[in-house]
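Undergrad: After the structure tokens below, expect a handful of questions from me.
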Amino acid sequence: MASIAYITDGNMIEFHRLNGNRTMNFWRPSNSKKFTDFVPGDLLFFLAKGSERGRFREKGIVGYGRFQKAHTLTFRQMWNVYGTENGYATEEELHDAIVKVSKNKKMPRQMNCLYLKDVVFFQTPIYLSEIGVQLSNKVESYIYLDKEDPQATSKVLNKARETGMDIWMAAMSNTPDHQKALEEEQIKHQLAQAMQKAEDSFYTESEKKRLRRISRQMIEKKAEEKKIFELIKGSRTDLYCYTGDRIEIIVPFLYNSKDFSRKLQYLIGHCLMLQSEFRRWSDYHIPVIFEAAAEEELPKEVLDLLKSLNQR
């Protein structure tokens, strides 16, 4: 899981903030430095021009968005598709802004479009030096936030929880509980970090397909119960739901009479590893509750072991 801090047009960010936009097209000239590790679900933080402070003119992070999809468009196509989601009220203003930041002061033939959702702006800028990350003033476009410190993203989100969401953004937004939204973002990231240690290739490819089918069925079943579960970032099978006072995790489970003991040992070991790693990465002291899901009714032995694990 990657997080990127990107030097961002301050006028564009201000437009989105004042309009309370929760989605946006984050545009870049197509000849910009390529991303090597950035996938849907990752976070893009805004290092805004105009937020500089101190002797070295350090830029502050003023918010973030969750990366959803990317594609390449011409300028005209980009305006036709996204309009004011590009961060400017008119096509002419957007044109002038792009030309201004272009290296040759001309409109690029194509633009890279990163569509962001769940956009959040902070009450005050967060400076990376405050969390022990040094940002070189030679950075031209972006940095991978967790490259030097694996907990940098969590630290930024924790700082954001302390300072709060931008007041105007909160007033314009339909999100009822902004504090919970920030907490869930941080928990989502910390679960992804834990999953990097807990995930492995224990199951065969054909079994993995069955596990993914179980996961899809559980998402639909829980939705009928008014509970929203989603995949833990980095896993194609394990699901989670943050309720505000606990984290519920569903792990799909496959077995037959010949390999039951081995598969059960894996299930419990996987849950223990995930629980342990989450507690190592997280400062949230809340229960992590595990549930197994299978193609048939689970044996009592499995239920008893999970019950014991959940009481830890």
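Undergrad: Hey, could you check the stretch 287-312 for residues that are part of a loop (DSSP other than H, G, I, E, B) and aliphatic (A, V, I, L, M) and say which is modelled with the highest pLDDT?
TA: Among them, the one singled out is Ala294.
Undergrad: Identify all residues within the stretch 43-86 that are farther than 20 Å from Thr153 by Cα and among the aliphatic types (A, V, I, L, M); write none if there are none.
TA: Within the stretch 43-86, Ala70, Leu73, Met78, Val81 qualify.
Undergrad: Turning to a different aspect of this structure: Output the residues belonging to the stretch 1-22 that are part of a loop (DSSP other than H, G, I, E, B), aliphatic (A, V, I, L, M) and either open to solvent by less than 10 Å² (accessible area, probe 1.4 Å) or touching a Phe, Trp or Tyr at 6+ places or on another chain (Cβ under 9 Å) (or both). Please lay out each step first, then the result.
TA: Filtering the stretch 1-22 down to residues part of a loop (DSSP other than H, G, I, E, B) leaves 1-2, 9, 19-22.
Next cut, aliphatic (A, V, I, L, M) only: 1-2.
Ala2, the sole residue that qualifies.
Undergrad: Here's a follow-up. Suppose the filter is within 23 Å of the chain's Cα centre (by Cα), at pLDDT 90 or above, within 28 Å of Leu231 (Cα to Cα) and in a loop (DSSP other than H, G, I, E, B); does Asn25 pass it?
TA: Numbers: within 23 Å of the chain's Cα centre (by Cα): yes; at pLDDT 90 or above: yes; within 28 Å of Leu231 (Cα to Cα): yes; in a loop (DSSP other than H, G, I, E, B): no.
No.
Undergrad: Still on this structure: Before we move on, is Glu130 in a loop (DSSP other than H, G, I, E, B) and either of a type in the set (Asp, Glu) or surrounded by 13 or more Cβ atoms within 10 Å (Cβ to Cβ) (or both)?
TA: For Glu130, the condition - in a loop (DSSP other than H, G, I, E, B) and either of a type in the set (Asp, Glu) or surrounded by 13 or more Cβ atoms within 10 Å (Cβ to Cβ) (or both) - is not met.
Undergrad: Out of everything in the stretch 282-294 that is touching a residue at least 60 places away in the same chain (Cβ under 8 Å) and open to solvent by less than 40 Å² (accessible area, probe 1.4 Å), what residue ends up being nearest to Ile247 (Cα to Cα)? Write out each step before concluding.
TA: The initial filter retains those residues of the stretch 282-294 that are touching a residue at least 60 places away in the same chain (Cβ under 8 Å), namely 282-284, 293-294.
Cutting the leftovers down to open to solvent by less than 40 Å² (accessible area, probe 1.4 Å) gives us 282, 284, 293-294.
Values: Ser282: 12, Tyr284: 10, Ala293: 16, Ala294: 20 Å.
Residue satisfying both the conditions and the ranking: Tyr284.
Undergrad: Anything in the stretch 237-286 that is of a type in the set (D, E, K, R) and in a loop (DSSP other than H, G, I, E, B)? List them, or say none.
TA: Those that are of a type in the set (D, E, K, R) and in a loop (DSSP other than H, G, I, E, B): Asp238, Asp245, Arg246, Lys258, Asp259, Asp283.
Undergrad: Another one. What's the total number of residues in the stretch 190-220 that are under 19 Å from Gln275 (Cβ atoms) and either without any contact (Cβ under 8 Å) to a residue 12 or more places away in the chain or open to solvent by 50 Å² or more (accessible area, probe 1.4 Å) (or both)?
TA: 5
The values are calculated or read from the model by the stated rules, or taken from the named source; none is laboratory data. As the structure is a computational prediction, the values presented were derived from the model and not from experiment. Note that we place each Cβ from the backbone using ideal geometry, even for glycine, and neighbour counts take in every protein chain shown. Ligands, DNA and RNA are excluded from the accessible area calculation, which covers all protein heavy atoms including side chains. Shrake-Rupley method; radii C 1.70, N 1.55, O 1.52, S 1.80 Å.
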